[in-house]
Amino acid sequence: ASLRSQPTVGGGWLWVGSDNSMGYALDAETGCVHWSFEATRPVISSIAIGPMAESEDRYVVYFGDFGANVYALDAQTGEQVWTTQVEDHHAAAVSGSVVLDPEGERLIVPIGSWEEVMSTSPSYECCTSRGGVAVLDVKTGRQIWKAPTLALEAKPTWKNASGVQQYGPSGSGVWSSPTIDLKRNAVYVGTANAYTPVPDGGASDAIIAFDLSSGKRLW
């Protein structure tokens, strides 16, 4: 298995995800495993950690997987606090790293996809996914808001040489970690991978700003 999740260290422990769909808590000094957790899909996002609500000296780790599922686990035990799927498209993924806001009340989740892998098949109807950002309540996993990177949903465009219907615009997934700007009450993300050669309003290979409170696109 590959390791693309950047480890997070604190209190003599180390938390990390893996392409084998596992999350681990390790002893930072010895590498011994304190606990492991099996996610639904591979975990490439870095681990975010914050205090557990209404529980003194307890912490929660947060991460996403390649099925667009977001998990909150007790940092000391690995027990699941909650899980939320932020996008139900079959190729949706949490492809960047989740980020806690400075107040520790909201979790900002980047949404991408791996639909480009399927698009190599001439029999695949490419492509209908689009990137986005979701903000979750850290206590419950409840979605506060979600905003797409593409303003328009994919529509039928043309048929390829095999007679298979193609769609667009699509793609523009968020592969970077969101950046929070408290002064301007904004969150910034970088996008990439426009899947189809149709106008997308400049949403791919771009930086997009959303209002942190509402999800409204600022620019």
Listed residues Val164, Val94, Val138, Val99; which is within 13 Å of the chain's Cα centre (by Cα) and either over 22 Å from Ile207 (Cβ atoms) or open to solvent by less than 10 Å² (accessible area, probe 1.4 Å) (or both)?
Val94
Identify, please: which residue in the range 18-46 is within 24 Å of Lys139 (Cβ to Cβ) and at pLDDT below 95 and is, among those, nearest to the chain's Cα centre (by Cα)?
Ser45
Report every pair of residues separated by at least 6 positions or lying on different chains whose Cβ atoms are under 6 Å apart, first residue within the range 75-90 and under 29 Å from Ser119 (Cβ atoms) and open to solvent by less than 80 Å² (accessible area, probe 1.4 Å), second of a type in the set (A, V, I, L, M, F, W, C) and in a loop (DSSP other than H, G, I, E, B).
Val86/Ala68; Glu87/Ala68
Working only within the range 209-219, note down all residues that are of a type in the set (Gly, Ala, Ser) and surrounded by 15 or more Cβ atoms within 10 Å (Cβ to Cβ).
Ala209, Gly215
Going through the range 27-56 one residue at a time, which ones are touching a residue at least 24 places away in the same chain (Cβ under 8 Å), surrounded by fewer than 15 Cβ atoms within 10 Å (Cβ to Cβ) and outside any strand (DSSP E or B)?
Thr40, Ala53
Members of the range 171-201 found to be at pLDDT 95 or above, of a type in the set (Ser, Thr, Tyr) and within 21 Å of His89 (Cα to Cα), listed by number
Ser172, Thr191
Quick test for you: out of Ala147, Ala206, pick the one residue that is at pLDDT 95 or above, surrounded by fewer than 17 Cβ atoms within 10 Å (Cβ to Cβ) and touching a strand residue (DSSP E or B) at 6+ places or on another chain (Cβ under 7 Å).
Ala206
Taking the range 57-74 and the residues there that are open to solvent by 60 Å² or more (accessible area, probe 1.4 Å) and part of a loop (DSSP other than H, G, I, E, B), the one that is nearest to Pro42 (Cα to Cα) would be Arg58
Filter the range 102-115 down to residues that are open to solvent by less than 10 Å² (accessible area, probe 1.4 Å) and out of contact with any Leu (no Cβ under 9 Å at 6 or more places or on another chain), then give me how many there are.
5
Would you be able to say whether some residue in the range 1-12 is open to solvent by 70 Å² or more (accessible area, probe 1.4 Å), closer than 21 Å to Asp101 by Cβ, within 16 Å of the chain's Cα centre (by Cα) and touching a residue at least 24 places away in the same chain (Cβ under 8 Å)?
yes
Taking the stated definitions as given, is Leu182 in contact with a strand residue (DSSP E or B) (Cβ under 8 Å, 6 or more places away or on another chain) and in contact (Cβ under 8 Å) with a residue 12 or more places away in the chain?
no
Being under 21 Å from the mean Cα position of the chain (by Cα) and in a loop (DSSP other than H, G, I, E, B) is the filter here; which residues of the range 183-199 pass it?
Asn185, Tyr195
Exception for Met118 within (1) open to solvent by 20 Å² or more (accessible area, probe 1.4 Å); (2) in contact (Cβ under 8 Å) with a residue 24 or more places away in the chain; (3) in contact with a strand residue (DSSP E or B) (Cβ under 8 Å, 6 or more places away or on another chain); (4) closer than 21 Å to Pro197 by Cα falls at (3)
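The values are calculated or read from the model by the stated rules, or taken from the named source; none is laboratory data. Since we're looking at a predicted model, the values are computed, not measured. Because the Cβ atoms are built from the backbone with ideal geometry, glycine has one as well, and the counts that use them run over all protein chains shown. These accessible areas exclude ligands, DNA and RNA; they are computed on the full protein's heavy atoms, side chains included. Shrake-Rupley method; radii C 1.70, N 1.55, O 1.52, S 1.80 Å.
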